[in-house]
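Trainee: The structure under discussion is supplied below as structure tokens; questions concerning it will follow.
Since every read-out is calculated from the coordinates, none of them should be taken as a lab result. Every value quoted in this text rests on a predicted model; they were computed, and no experiment measured them. Positions of Cβ are generated from backbone atoms using ideal geometry, with glycine treated the same way; all protein chains shown enter the neighbour counts.
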Amino acid sequence: MTTLYWEEEIETLPRVGLESIQLTRLKHLVARVYDTVAPYRAKMDAASVKPTDIQTLADLQKLPFTVKDDLRDNYPFGLFTVPMDQVVRVHASSGTTGKPTVVGYTKKDIETWAGVMARAMTCAGATSRDMIHNAYGYGLFTGGLGAHYGAERLGATVIPVSGGNTKRQITIMQDFRSSVLMATPSYALNLADAMAELGVDPKTLALRVGIFGAEPWSENMREEVQRKLNIKAVDIYGLSEVMGPGVAMQCLETDRGMHIFEDHFLPEIIDPDTGEVLPPGEQGELVFTTLTKEAFPLIRYRTKDITRLIHEQCACGRTMIRMEKITGRTDDMLIIRGVNVFPSQVEHVLMGVEGVEPHYQIVVSREGNMDTMAVKVEVSEAIFSDEVKNLEKLTRKIQADIKDLLGVTCKVQLVEPRTIQRSEGKAQRVIDNRKI
Ligand code: DLL
């Protein structure tokens with residue numbers, strides 16, 4: 001297979017060249033932010049660091065972190081570095097608590113974003129000849145418009161179908177010959193199940209590749225979507241604060257990790273408890289500094305996402321490092337009777353069991369002083385109508401597998417197909433009744 005690049009020179013630049021670009025951009029960014037944004041200046045002054053202290057990429061560690069609360073405290077536009085007449089668009093992420101996080105873009109930011117998205121789609125093998133079925137939600141969420149502008153920049157034909165109205169989506173896929181599907185992985189599965197119900201064979205469609213992200217999904221889930229939709233499924237990562245989708249992207253040459261577009265987004269991995277930068281290859285919290293954003297740059301933004309960086313050169317020829325699939329978030333970690341549990345680990349166990357469907361929910365409750373975890377998971381029609389003793393056997397197997405991997409005893413409830421609510425965007429995997 002010939003590897004296609006969107007911007008070959010920068011994507012394959014030797015590391016020294018890339019690092020030199022990063023340093024120039026970093027110095028410029030820190031000086032500009034210090035001069036224009038009072039809250040950043042105050043934090044840097046408190047840490048006794050001046051823009052001139054940044055002389056190497058390692059000096060980045062001298063700068064204070066930015067956290068979600070800094071964004072909330074300056075809600076909605078307090079951290080913007082340009083006057084509002086230069087801001088051409090805002091997006092917002094809802095979050096589960098408090099005010100949404102608002103982000104802004106200049107005209108040039110929108111162009112940069114479309115560029116990294118076109119680069120990401122090219123990583124997945126998409127070209128101007130593709131019919132891109134964009135089922136990410138349009139609106140304040142960055143998924144829809146982010147993918148839309150990227151697809152247009154690529155020169156492909158974009159179908160701005162957004163999320164929902166699943167039957168109509170399938171008709172459109174059939175009639176318009178959609179070749180690239182962009183959606184959350186949970187919605188992609190939802191589409192696959194709806195096809196099965198309608199008797200539509202994915203082999204009769206023109207779909208070739210799926211660009212899925214915006215929520216965690218395990219390797220097993222990737223195999224499941226690939227099989228059910230008869231496509232190659234690749235992972236795309238991003239977050240509104242840093243830009244939206246297109247911060248990192250898996251290429252077709254590796255199943256391990258996504259290339260971070262480091263000429264725009266400078267990554268670090270830190271110990272979430274101490275804030276120390278960890279040695280290369282270790283797992284920790286991902287932190288980003290935006291190197292080219294104008295309206296809403298961020299210095300050392302703590303994403304709360306947990307991953308590790310992969311420094312080995314990729315077979316695709318890109319020199320940009322990769323980040324491994326997100327394994328969890330520092331804030332979605334459940335602590336069940338003292339044991340740390342990530343929903344992604346539960347998913348990993350479930351998807352390894354024959355007959356179990358990729359639709360599940362984790363319910364956490366408190367009985368007296370005791371936390372309990374229950375896992376509700378759909379099983380296939382055939383299994384559900386099987387003898388009670390076989391269902392009990394399967395229940396016990398899942399319980400034992402979870403206990404083995406996570407060290408936690410939980411209740412497992414097998415439910416009928418299509419009883420767990422389907423998502424049109426990000427799936428809600430955890431119901432934590434302890435907060436109520
Ligand atoms: O979800 C941006 C996006 C849209 C990415 C479409 C990819 C595709 P937010 O709504 O701000 O932005 O949510 C960002 O979602 O910090 C991660 O926890 C999670 N996330 C995003 N992509 C992935 C992924 C968009 N590929 C938050 N794997 C991030 C796992 C992901 N988690």
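Trainee: Would you kindly state how much longer the chain becomes between residue 277 and residue 330 on full extension, computed as 0.36 nm times their sequence separation minus their alpha carbon distance, in nm to one decimal?
Mentor: Length gained, residue 277 through residue 330: 17.5 nm.
Trainee: Taking the Cα centre of the stretch 156-296 as the origin and placing charges on Cβ (Lys, Arg +1; Asp, Glu -1), which of 209, 199, 286 is farthest toward the positive end of the dipole?
Mentor: Of the options given, the answer is 199.
Trainee: Can I ask one more? Grab the Cα-Cα distance for residue 69 and residue 337, subtract it from 0.36 nm times how many residues apart they are, and report the gain in nm with one decimal.
Mentor: In short, 93.6 nm is gained.
Trainee: Using a Förster distance of 60 Å, how high is the FRET efficiency between residue 415 and residue 61, based on the Cβ-Cβ distance and rounded to 0.05?
Mentor: Computed FRET efficiency for residue 415 and residue 61 comes out at 0.80.
Trainee: Same structure again: Which of the lysines could be linked to residue 389 by a straight reach, that is with a Cα gap under 30 Å, when you skip same-chain ones fewer than 8 residues away?
Mentor: 228, 376, 397, 403, 411
Trainee: Another question, if that's okay. Arrange 133, 259, 311 by Cβ neighbour counts within 10 Å, fewest through most, would you?
Mentor: Result, fewest neighbours first: 311, 259, 133.
Trainee: Okay, moving on. Would you mind checking the pairs 393/426; 62/304; 293/325; 27/232 and listing those with alpha carbons more than 29 angstrom apart?
Mentor: Going by Cα-Cα distance, 393/426; 27/232 fall outside the 29 Å limit.
Trainee: Amide H of residue 337: which non-local residues (sequence gap of 5 or more, or other chain) have their own amide H closer than 5 Å, using H built in the peptide plane?
Mentor: Placed amide hydrogens put 371 under 5 Å from residue 337.
Trainee: Using alpha-carbon positions, what is the distance between the centroids of the stretch 1-41 and the stretch 174-207, in Å?
Mentor: Centre-to-centre (Cα) distance: 38 Å.
Trainee: Further question on the same structure: Quick one: go through the stretch 345-362 and flag any residue whose amide nitrogen is under 17 Å from the point 7 Å out along the Cα-to-Cβ line of residue 399.
Mentor: Counting backbone N atoms under 17 Å from the label point, the list is 350.
Trainee: Are there trypsin sites (Lys or Arg not before Pro) in the stretch 37-130 that DSSP puts in a loop and that have at most 13 other Cβ atoms within 10 Å, and which ones?
Mentor: Hits after loop and neighbour filter: 129.
Trainee: Need one word for the stretch 294-356: rounded, prolate or oblate. Basis is the Cα gyration tensor (sqrt eigenvalues a ≥ b ≥ c); a/c below 1.5 gives rounded, then a/b vs b/c decides.
Mentor: Oblate, since a/c reaches 1.5 and b/c is not below a/b.
Trainee: What list of ³J(HN,Hα) couplings, whole Hz, do you get for the stretch 187-197 from phi and the Karplus terms 6.51, -1.76, 1.60, once you set θ to phi - 60° and write x for glycine and proline?
Mentor: Taking θ as phi minus 60°, the curve returns 6, 4, 5, 4, 4, 4, 5, 5, 4, 4, 5 Hz for the stretch 187-197.
Trainee: To the nearest 10 degrees, how steeply does helix 388-406 sit against the main Cα axis of the chain, on a 0 to 90 scale?
Mentor: Its long axis makes an angle of about 30 degrees.
Trainee: To continue, here is another question. If you build a Gaussian network model of the chain, linking Cα atoms that sit under 10 Å apart, which residue out of 282, 197, 219 swings the most?
Mentor: Per the Cα network of the chain with a 10 Å cutoff, 197 tops the list.
Trainee: Give a residue-ordered list of calculated ³J(HN,Hα) values for the stretch 217-227 (Karplus: 6.51 cos²θ - 1.76 cosθ + 1.60, θ = phi - 60°; whole Hz; x for Gly, Pro).
Mentor: Each residue's phi maps through the Karplus curve to give 8, 7, 4, 5, 5, 4, 4, 4, 5, 4, 5 Hz.
Trainee: While we're looking at this one, here's another question. May I ask you to list the trypsin sites (Lys or Arg not before Pro) in the stretch 378-425 that are in a DSSP loop and have at most 16 other Cβ atoms within 10 Å of their Cβ?
Mentor: 418, 422
Trainee: Report, to the nearest 10°, how far helix 166-176 tilts away from the longest principal axis of the Cα atoms in the chain, using its own Cα long axis and a range of 0 to 90°.
Mentor: Its long axis makes an angle of about 70 degrees.
Trainee: Here's something else I'd like to know. If one computes the Cα centroid of the stretch 49-68 and of the stretch 336-375, what distance in Å separates the two points?
Mentor: Measuring centre to centre over Cα atoms gives 40 Å.
Trainee: At what distance in nm do the modelled label points of residue 176 and residue 374 sit from each other, each positioned 7 Å from its Cα along Cα→Cβ?
Mentor: A separation of 4.1 nm, rounded to one decimal place.
Trainee: Then there's this: For a footprinting-style exposure proxy, rank 386, 73 by other Cβ within 10 Å, fewest first.
Mentor: 73, 386
Trainee: Which of the aspartates and glutamates could a cross-linker span from residue 108 if the Cα-Cα distance has to be under 12 Å and same-chain partners fewer than 8 positions apart are dropped?
Mentor: Here the aspartates and glutamates satisfying the reach criterion relative to residue 108 are 294.
Trainee: What is the spin-label model distance, in nm, from residue 20 to residue 99 if the labels are put 7 Å beyond Cα along the C-beta direction?
Mentor: If labels sit at residue 20 and residue 99, their model points lie 4.4 nm apart.
Trainee: At 7 Å along the Cα-to-beta-carbon direction for both residue 430 and residue 385, put a label point, then send me their distance in nm to one decimal.
Mentor: My value for the distance between the label points is 3.7 nm.
Trainee: Report, in deg cm²/dmol and to the nearest 500, the calculated mean residue ellipticity at 222 nm for the chain, where each DSSP H run with n ≥ 4 adds -39500 (n - 2.57) and the sum is divided by the residue count.
Mentor: -10000 deg cm²/dmol
Trainee: Step through the residues of the stretch 58-72 one at a time and calculate ³J(HN,Hα) from phi using the Karplus curve (6.51 cos²θ - 1.76 cosθ + 1.60, θ = phi - 60°), rounding each to whole Hz and writing x for Gly and Pro.
Mentor: Each residue of the stretch 58-72 in turn: 5, 5, 3, 5, 6, 7, x, 6, 10, 10, 3, 5, 4, 5, 5 Hz.
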